[in-house]
Amino acid sequence: MTPQQFLAEIRRKNFPPACLLLGSETYQRDYCRRALLESFLDEAERDSGVTRYDLDESSLEEVLEDACTPSLFSPRRVILVRNAEAALPKGRSGSAAGGEAEEGVSAALARYLRRPSPDVVLVLEAARYSAEGEDKSRLERVRKFYASVPVIVECLPLRPEQARQFARNLARKANLPIEEAELDLLVKSLGAHVGRIAAEIEKLSLWVQGGGRLGPAEVARLVPEARSAGVFELADALAAKDRLRALEVLDVLVRQSEYLPLALSSLSGQLRLSLAARQAGWRRPEQIQAEVGRLGVRIWPERARQIYRTASGFSKSQLLAALRLVHEADRSLRDARPDDRLPMESFIFRLTQ
C-alpha cells in the first residue's frame, strides 16, 4: 500500500488493528503516523492514549502483552513501535535456531492479530533499510516477518517523476508560482528527497509572500543544494571533454555569484568519490550509494548517478590528473589574483585538451 492509499483509508475512518510503516523515507512515514494519531484519537486522548516502544530496548512480546491489557486512562489507544526490525533474530535467517526464533515471534504476532484488542492500533515502524542494493534483501526479510500485519505502507524514496509530481502538488497548495524549469532544478538538486522538497517549498513560498521574485537564480541562491547542481553539470561537461559547455556552466556560476573556491572544493569531492568508485569497481549507481553509505557519507540516488557518470567519463589516470589540476587551481585561487575566474578557465582548458 502506498502512503496516499493509507491516508485515503484513514480519511474514511478505516483503522487497521496494526500497520507497518516500512522503508527509510522519513517525511511520508511521519505524515502517515501523524494523520493516524489525529484521526483515531481525540485531542484529549493524545496524551494518555499513546504508548511508545523501541524494540532495541523492549521485546515484541512485551508490546503484544501491553496491547492485550485494557487501559484505565483512555478508551482508545495507539501503540507506536520504533525499530521494528529489531524483533528479527540476529544472525543468519537461514540457520535452524534463528529460523525457529523468528517463526515463534512472528507466530505470536499472528495469533494476536487473529483476535486483536478493540480500539487499539499498533503502528510498527521499520525505517532502517531502503529498497536499494544489499538493503533490498533485508527489507524483504522484514516484510516476510510481518506478513500477518494487515496493512503494510511502503515509505520508500520516490522516483524523480514521482518527486516532481509531489513537489508540484505542494507548490499548488502553497500558492507558489514556480515554473517547470525551477521545479526540475529543485527536485534534481535535492535528489528527490521529499522532506527537503517540502521544507524548501515552504521557504520559497515565504520568500514570494515577502515580495521576492522567483527564478533559477533565486532558487540557486535560496536552496544550498541547487547551488552545487552547477558543479555536477561542470563535472559532466569535463567528463565529456566538452570545453564550450564547461565554460558556459562556469559563466552561470559566476553570474550567480558562486564562490569559486567552494565550487572547486565541491568538484574535488565529486572527483575523489568517482576515483574511489573506479578503484573499488562499483559498477552501478545503487552500489555506489550503498558503499559510500557504509563509509559514513549519506548520498541520495541522484548524487550516486552523478558520481557514476563522472567515474564512467574518466579513466583512473584521467581522474588522478584531474585531481592534480584541481590542486594547482586551488593554489592559484589562494594567490593574489585579479579574478577568480582566470584560474578556473585555465583548469578547464587544461583538463579538456
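Can you find a residue that is under 23 Å from L109 (Cα atoms), touching a helix residue (DSSP H, G or I) at 6+ places or on another chain (Cβ under 7 Å) and small (G, A, S) anywhere in region 148-166? Within region 148-166, one or more residues are under 23 Å from L109 (Cα atoms), touching a helix residue (DSSP H, G or I) at 6+ places or on another chain (Cβ under 7 Å) and small (G, A, S).
Residue check: is E258 at pLDDT below 80 and in a loop (DSSP other than H, G, I, E, B)? Yes: the conditions hold for E258. One residue stands out in region 43-58 among those that are acidic (D, E) and touching a residue at least 24 places away in the same chain (Cβ under 8 Å): the one that is nearest to K13 (Cα to Cα), namely E45.
Tell me whether region 172-187 contains one or more residues that are at pLDDT below 80, surrounded by fewer than 17 Cβ atoms within 10 Å (Cβ to Cβ) and assigned to a loop (DSSP other than H, G, I, E, B). Yes. Can you spot a residue in region 42-50 that is within 30 Å of K136 (Cβ to Cβ) and surrounded by fewer than 20 Cβ atoms within 10 Å (Cβ to Cβ)? Among the residues of region 42-50, not one is within 30 Å of K136 (Cβ to Cβ) and surrounded by fewer than 20 Cβ atoms within 10 Å (Cβ to Cβ), which makes the answer no.
Determine whether V231 is under 19 Å from L333 (Cα atoms) and either surrounded by 15 or more Cβ atoms within 10 Å (Cβ to Cβ) or modelled with pLDDT under 70 (or both). Break it down into steps so the answer makes sense when it comes.
Working: under 19 Å from L333 (Cα atoms): yes; either surrounded by 15 or more Cβ atoms within 10 Å (Cβ to Cβ) or modelled with pLDDT under 70 (or both): yes.
For V231, the condition - under 19 Å from L333 (Cα atoms) and either surrounded by 15 or more Cβ atoms within 10 Å (Cβ to Cβ) or modelled with pLDDT under 70 (or both) - is met.
Among the residues of region 127-155, which ones are in contact with a Ser or Thr (Cβ under 9 Å, 6 or more places away or on another chain) and modelled with pLDDT of 80 or more? Of everything in region 127-155, those that are in contact with a Ser or Thr (Cβ under 9 Å, 6 or more places away or on another chain) and modelled with pLDDT of 80 or more turn out to be A127, R128, L139, R141, K144, F145, Y146, A147, S148, V153, E154, C155.
The values are calculated or read from the model by the stated rules, or taken from the named source; none is laboratory data. Computed from a predicted model, the values in this text were never measured in an experiment. With ideal geometry, Cβ positions are generated from the backbone for all residues, glycine too; neighbour counts draw on all protein chains shown.
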